[in-house]
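The values are calculated or read from the model by the stated rules, or taken from the named source; none is laboratory data. What you are looking at is a predicted structure, and each value in this text was computed from that prediction instead of being measured. Neighbour counts are summed over all protein chains in view; Cβ atoms, including those assigned to glycine, are modelled from backbone coordinates with ideal geometry.
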Amino acid sequence: MKTLTVKIKYFFLLCLVTVGIASVVWNCTSASAETAAIPDEIDYNFHIRPILSDRCFKCHGPDANTREANLRLDTPEGAFAALKDNPKAHAIVAGNPDMSAVFLRITSKDSTQLMPPVESNLKLTQHEIDLIEKWIKQGAKYKAHWAFIEPKKTNVPKADEDWVVNEIDNFVYDKMREKGLKPNEEAEKEQLLKRVSLDLTGLPPTVEMQERFLKDTSPDAYEKIVDELLKNKHYGEKMATYWLDVARYADSHGYQDDGLRTMWPWRDWVIHAYNENYPYSKFLSWQLAGDLLPNPDGSGKPSKEMLLATGFNRNHKITQEGGVIDEEYRVEYVTDRTNTFGKSFLSLTFECAKCHDHKYDPISQKDYYSTFAFFNQVPEKGLFGTIDASYADPPNMAITDADVKSLLKFINKKDTAKVMVMVMKDTTKVRTTYVLNRGNYDAHGDSVTFGLPKSILSYDTTRYGRGRLGLVKWLLDAKNPLTSRVYVNRIWAQFFGRGIVKTLGDFGMQGELPSHPQLLDWLAVDFREKGWNIRRLVKQIVMSATYRQSSTITDKHLKTDPDNIFLARASRIRLLAENVRDYVLSSSGIMNDEIGGPSIKPYQPKGLWEVATSGRGSLSRYVQDHESDLYRRGMYVFIKRTVPPPTMLIFDASNRDQCEVQRVRTNTPLQALVMMNDPQMIEGSRVLAENLTLEKGSIDEKLEKAFRMVLCRKPKEKEMEVIRQYFAHESGLLKKDPKRAEKLLNIGEYKHEPIKDKASAAALMQTIQLLYNMEEAIMRV
């Protein structure tokens, strides 16, 4: 009892200490916010708009239906106009805070007058109030939202010439200097090789590549490796993985029945497009309007490849359940295409304007349905047929053996039957599009025609034309402020773990501000001027000194920039879910490296599909694949929308239900359990152990080779001692328990090698499993 009392006392003491520390941290944070320096020049976009958007625009913003007191603060016309209730007063009087109703209300001591209202649970800090006051004193100058201003190249800032490699470094160095930071030293060669290999191909470097790079002391050794990796056939696979999320690619239709679809030839095309380095302008054009474009060969009619590319807009969910209302689901498909267009190419939350004007961004409901009109011309039905009636609802195209032998050689077609793929097509007569009141499919309001938000770039039908081809021309217009910015930012995030704009899917008012605005604009303009060359952009990034830095974290980094926003070091990033699987398959030597083809079904816990099925169709039961198909890359794992691959989900993969431009990152115990217990992970350890056991050489040589294959670097002596001792310990236990050794070596379907010393092989397998479970193994550092 006395012991229990002591424990309780200690527990309460711990709670008090924790609360005390939290209080100190909160107070320090609050004090920091309160005492932050006010800049000399207040910029509306970077200092004022974020405050107004977060605290004011919900009631005084773009949405007329929810606007209070007829006051609009997102435009200068609204802010400077006389107040409705008091024509002699104005919300903002440029140069005079004391005459500005907005300033008087945010500083009011009367809770009934205070803005934001007390009941909103929103509050301005003193720092924010001071910013608004100084902005008004300086003339209350409004600007268009930064993302809607055409990007311009600024002068490249000066930097340490001994450090910079290209213009990226000049901009990054300038920001570091502003924040009192200095760049890290360049990463060690082994670390850098692993990083760039994983980033460009999603695969670890082989021991042979490691040796070759370490021995190459020429000044361009790193560039030679980069060029080699960019030409590697797996480069296209790595780049395509991100685009599959954007395009919501899956192998089933979705909804309750969730029947089979055959869209994998479109995935093969995406890999091909990246490997062939199609310019982004072509990549974008073919996917949005390939069916409307003339064939480059001069024939006029689009090629089958161009038609196939339009599958991008047919990757959405499709119902196969009898009894649904046809028009309701047809509208749902068009809605998905509209939302996907907004997020994938413009990084704007168009979906927020479906039922009413956007609360924060200048996108009206009429703008939404004018954009909707581009995708509302497809001759499709909401319900074409019930389960398995069609693997590709019309409009569709057939891919035959003859096509694969002549025009579509990149498609990995494995049987003689033709493959049907959903593609885009427009009706011969323009379908009238209506604003749908409250977003209801049958609540027709005013009719609208093709158009886009004027706040981005006015859509002139005489200049661009009507339909999706005009949409492409609008996107690629040199004055469009978003197209190149959005894609450059997304590519940047692939290599640094964070975009220059952190919110990859939201360049609107509620999105984050760019950390390096001049760099983003410089890269966006440069990307467009250099022919939308994706591979050139990628090389530009990985060749930079910024990318090559060590990921070592110092106390200065933690204090000044814990999130590494200003890039004074390399970021540590866990591999994508697909690449975790790839890493084990590749490093253990069991990966089937063929490109493209139908999706495969690897090991999976029994019963998952069966408990979440309607009981109808070919996907009601999970039938595992065997032989070489079991060892294909993660991007080829079959994605059933209602039951996505469990291992992938645990490592934060998209369920492909809708367009996703940014995966969440979690760290959970389940991830460790996958690495320790997933059959594919254990099988990789087993096969590598068997192969090493059969090789000539000492156990130390085998342990060192395993270390290099798994962790991509030479072990230190202390590390060798640890794994040597672990191997010896496991070997001793397994010699005493031969049945356990036998059981371990029976895991997986991959060919089992005849091993005499099974205890030693099983111990080596356990040691390799230990290496795979090190944090370093699946981290890109």
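Here are F410, F372: which of them is assigned to a loop (DSSP other than H, G, I, E, B), farther than 18 Å from G508 by Cβ and within 27 Å of the chain's Cα centre (by Cα)? First the steps, then the outcome.
On the way: F372 fails: assigned to a loop (DSSP other than H, G, I, E, B).
Of the residues listed, the single one that is assigned to a loop (DSSP other than H, G, I, E, B), farther than 18 Å from G508 by Cβ and within 27 Å of the chain's Cα centre (by Cα) is F410.
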Hey, can you tell me all the residues within region 500-537 that are surrounded by fewer than 17 Cβ atoms within 10 Å (Cβ to Cβ) and not in a loop (DSSP other than H, G, I, E, B)? E529, R536
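Report whether or not T613 is in contact (Cβ under 8 Å) with a residue 40 or more places away in the chain, touching a Ser or Thr at 6+ places or on another chain (Cβ under 6 Å) and closer than 21 Å to T262 by Cβ. I'd like the intermediate steps shown before the answer.
Values: in contact (Cβ under 8 Å) with a residue 40 or more places away in the chain: yes; touching a Ser or Thr at 6+ places or on another chain (Cβ under 6 Å): yes; closer than 21 Å to T262 by Cβ: yes.
The answer is yes for T613.
Can you tell me which of N277, N232 is without any contact (Cβ under 8 Å) to a residue 60 or more places away in the chain, touching a helix residue (DSSP H, G or I) at 6+ places or on another chain (Cβ under 7 Å) and among the polar types (S, T, N, Q)? Even if it seems obvious, please write down each step before you answer.
Working: N277 fails: without any contact (Cβ under 8 Å) to a residue 60 or more places away in the chain.
After ruling out the rest, the residue left standing is N232.
Quick one: is T319 of a type in the set (V, I, T), part of a helix (DSSP H, G or I) and either closer than 23 Å to R656 by Cα or touching a helix residue (DSSP H, G or I) at 6+ places or on another chain (Cβ under 7 Å) (or both)? Let's see the steps before the verdict.
Numbers: of a type in the set (V, I, T): yes; part of a helix (DSSP H, G or I): no; either closer than 23 Å to R656 by Cα or touching a helix residue (DSSP H, G or I) at 6+ places or on another chain (Cβ under 7 Å) (or both): yes.
For T319, the condition - of a type in the set (V, I, T), part of a helix (DSSP H, G or I) and either closer than 23 Å to R656 by Cα or touching a helix residue (DSSP H, G or I) at 6+ places or on another chain (Cβ under 7 Å) (or both) - is not met.
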Looking at region 406-416, which of its residues are loosely packed, with under 15 Cβ neighbours inside 10 Å and modelled with pLDDT of 95 or more? K409
Hits in region 143-163 - residues which are touching a Ser or Thr at 6+ places or on another chain (Cβ under 8 Å) and either assigned by TED's automatic domain parsing to the domain that holds F57 or farther than 20 Å from I48 by Cα (or both): P151
Matching residues in region 640-682 - criterion: being surrounded by 15 or more Cβ atoms within 10 Å (Cβ to Cβ), more than 30 Å from F312 (Cβ to Cβ) and hydrophobic (A, V, I, L, M, F, W, C): V674, M675, M681, I682
Exactly one of (1) over 17 Å from S406 (Cα atoms); (2) at pLDDT below 95; (3) out of contact with any Asp or Glu (no Cβ under 8 Å at 6 or more places or on another chain) is unmet by Q320. Its number? (3)
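Given the condition touching a Leu at 6+ places or on another chain (Cβ under 9 Å) and among the aliphatic types (A, V, I, L, M), answer yes or no: does some residue in region 623-634 qualify? Can you show your working first?
As a first pass, look at region 623-634 and keep what is touching a Leu at 6+ places or on another chain (Cβ under 9 Å): 624, 631-634.
From the residues that got through so far, the ones that are among the aliphatic types (A, V, I, L, M) too are none.
Checking region 623-634: not a single residue is touching a Leu at 6+ places or on another chain (Cβ under 9 Å) and among the aliphatic types (A, V, I, L, M).
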Pairs please, first residue from region 537-566 and touching a residue at least 40 places away in the same chain (Cβ under 8 Å) and aromatic (F, W, Y), second anywhere and surrounded by fewer than 17 Cβ atoms within 10 Å (Cβ to Cβ) and outside any loop (DSSP other than H, G, I, E, B), Cβ atoms under 9 Å, 6+ apart in sequence or on different chains. F566/E178; F566/T560
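Consider P362 carefully, then state whether it is out of contact with any helix residue (DSSP H, G or I) (no Cβ under 6 Å at 6 or more places or on another chain) and either closer than 18 Å to R431 by Cβ or β-branched (V, I, T) (or both). Give the derivation first.
Numbers: out of contact with any helix residue (DSSP H, G or I) (no Cβ under 6 Å at 6 or more places or on another chain): yes; either closer than 18 Å to R431 by Cβ or β-branched (V, I, T) (or both): no.
For P362, the condition - out of contact with any helix residue (DSSP H, G or I) (no Cβ under 6 Å at 6 or more places or on another chain) and either closer than 18 Å to R431 by Cβ or β-branched (V, I, T) (or both) - is not met.
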Could you list all residues from region 545-592 that are of a type in the set (S, T, N, Q) and more than 19 Å from A187 (Cα to Cα)? T560, N579, S586, S587, S588, N592
Are there any helices (runs of 4 or more DSSP H) wholly within region 679-781 with 3 or more residues that are within 30 Å of A187 (Cα to Cα), and if so which? 679-694, 699-711, 717-736, 758-772
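Counting only residues that are out of contact with any helix residue (DSSP H, G or I) (no Cβ under 7 Å at 6 or more places or on another chain), modelled with pLDDT of 90 or more and surrounded by fewer than 17 Cβ atoms within 10 Å (Cβ to Cβ), give me the helices (runs of 4 or more DSSP H) lying completely in region 1-108 with at least 2 of them. First the steps, then the outcome.
Working: elements: 2-35, 49-55, 57-60, 76-80, 101-106.
Here the list reads 76-80, 101-106.
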For region 467-477, does any single residue satisfy the condition of being part of a helix (DSSP H, G or I) and under 20 Å from H145 (Cβ atoms)? yes
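Is there a residue in region 666-684 that is touching a His at 6+ places or on another chain (Cβ under 8 Å) and within 28 Å of E775 (Cα to Cα)? Spell out the reasoning first.
Taking region 666-684 first, the residues touching a His at 6+ places or on another chain (Cβ under 8 Å) are none.
Looking through region 666-684, none of the residues is touching a His at 6+ places or on another chain (Cβ under 8 Å) and within 28 Å of E775 (Cα to Cα).
Can you pull out every residue in region 538-558 that is outside any helix (DSSP H, G or I) and touching a helix residue (DSSP H, G or I) at 6+ places or on another chain (Cβ under 7 Å)? Can you show your working first?
Quick first cut of region 538-558, residues outside any helix (DSSP H, G or I) only: 544, 549-554.
Result: S544, single match.
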Would you confirm whether or not region 717-739 contains a residue that is under 29 Å from K601 (Cβ atoms) and in contact (Cβ under 8 Å) with a residue 12 or more places away in the chain? no
Does region 386-394 include one or more residues that are within 28 Å of the chain's Cα centre (by Cα), of a type in the set (S, T, N, Q) and crowded, with 17+ Cβ neighbours inside 10 Å? no
